[in-house]
1. Using a 10 angstrom cutoff on alpha carbons, build the Gaussian network for the chain and name the most mobile of Pro50, Pro124, Pro195.
2. So what's the convex hull volume per residue for the Cα atoms of the stretch 84-130, in Å³?
3. How large is Rg over Rh for the chain, taking Rg from the Cα atoms and Rh as the Kirkwood inverse mean of 1/r across Cα pairs?
4. Extending each Cα 7 Å along its Cβ direction at Thr162 and Arg189, get the distance between those two points in nm, one decimal.
5. Cut-off 10 angstrom, C-alpha nodes, Gaussian network model of the chain. Which of Pro231, Pro154, Pro166 fluctuates the most?
6. Cα-Cα pairs above 17 Å in the stretch 20-62: how many percent?
7. Run through all the Cα pairs of the stretch 1-151 and give the fraction in each 5 Å bin from 0, expressed as whole percent.
8. For the stretch 95-206, take every pair of Cα atoms, bin their distances at 5 Å starting from 0, and report each bin as a whole percent.
Amino acid sequence: MHGGTEVVPLLRAGILDATSLVDIRGVVPRGIAGDRIGAGATLAELECDPQVPEALREACRLAASPQLRNMGSLAGNLLQETRCWYWRLGHPCRLHGGEECFAIEGEHREHAIFANGFCASAHPSDVAAALLALGATLRTTARTLPLQELYRVPTEDDRRTTTLEPDELILDVELPEVERSVYLKAMERKRWSFPIVGVAAARVGETTRIALAGVAPIPWLLDGTLDDATPLPRNAYKVDVANALVRRARAALAA
Ligand SMILES: Cc1cc2nc3c(=O)[nH]c(=O)nc-3n(C[C@H](O)[C@H](O)[C@H](O)COP(=O)(O)OP(=O)(O)OC[C@H]3O[C@@H](n4cnc5c(N)ncnc54)[C@H](O)[C@@H]3O)c2cc1C
Ligand code: SF4
């Protein structure tokens, strides 16, 4: 574990089981040097560093609480598990290896509007959406990969949501230069709230990359339109929220 803000609650809830814990804070790089950010940097460090592109700074600033941002690391944030209440309460759903997605039939107000046929969980990381829009590349102990290749939509055959191997550590993140970027977030409260929808946008020349948090089981790169969404009966409102945020993000980049 790094900051432990995800590992400890999962241990306490009985979802993670461990006989020993390894503190990796001494081996994962920290700090910001030009376009490279150590994966051990805390969200608190990133939210106020002027070298960090605005979308990432804002995604960090709007995440969690000051105490959590002081402990929580960049890599830990990218690897946080779903906040789906069925999963967190240990119900034997598909993501836990079971046969059913309880959210699809049950309570799914905060769940996914894309890629939600097998598991409707909504990826909670503001930071991942910002990095995805910024075109981030990850360096791990085994490989270098675009951020989107860290994630996979879970399927019947493979329930994992990331491609990280059990012995693989994320070391740092490299960011290409962008002209402007922005992160906007709709949440239940103004503070300490996961994204209902988060929208990150980054512009390079004529190209604008848009990525969303809270809309799919993984951070979602918008390469079509929001009309492609497949909302569930009680979360179609997220499409409207996402449309409004995407419009505002584009306007902010054009200003
Ligand atoms: C109440 C609450 C509210 C929150 N709100 C938000 C929010 O609004 N938006 C948001 O984006 N996030 C939110 N978070 C998530 C929070 O930002 C993360 O818990 C935090 O960033 C995780 O970092 P950590 O270092 O504590 O991770 P840890 O708990 O130490 O680790 C988390 C996972 O990452 C793995 N890991 C950590 N570092 C590495 C590495 N370098 N390489 C490989 N694996 C690694 C661990 O093994 C573990 O599986 C919230 C969390 C809580 C508890
Ligand atoms: S949305 Fe995913 S995590 Fe939640 S109950 Fe369904 S299968 Fe489980």
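1. For the chain, modelled as a Gaussian network with Cα springs under 10 Å, the answer is Pro50.
2. Measuring per residue, one finds 84 Å³ for the Cα hull of the stretch 84-130.
3. My calculation puts Rg/Rh at 0.94.
4. 2.7
5. Looking only at Pro231, Pro154, Pro166, the largest GNM fluctuation is found for Pro166.
6. Above the 17 Å cut-off, the stretch 20-62 has 33 percent of its Cα pairs.
7. With a bin width of 5 Å, the distribution comes to 2, 9, 16, 19, 19, 16, 12, 5, 1, 0.
8. Histogramming the stretch 95-206 at 5 Å steps yields 2, 10, 16, 18, 18, 18, 11, 5, 1, 0 percent.
No value in this document is a laboratory result; all are computed from the given coordinates. The model shown is predicted, which means the values in this text are computed figures rather than measured ones. Backbone-built Cβ (ideal geometry, glycine too); neighbour counts: all protein chains shown.
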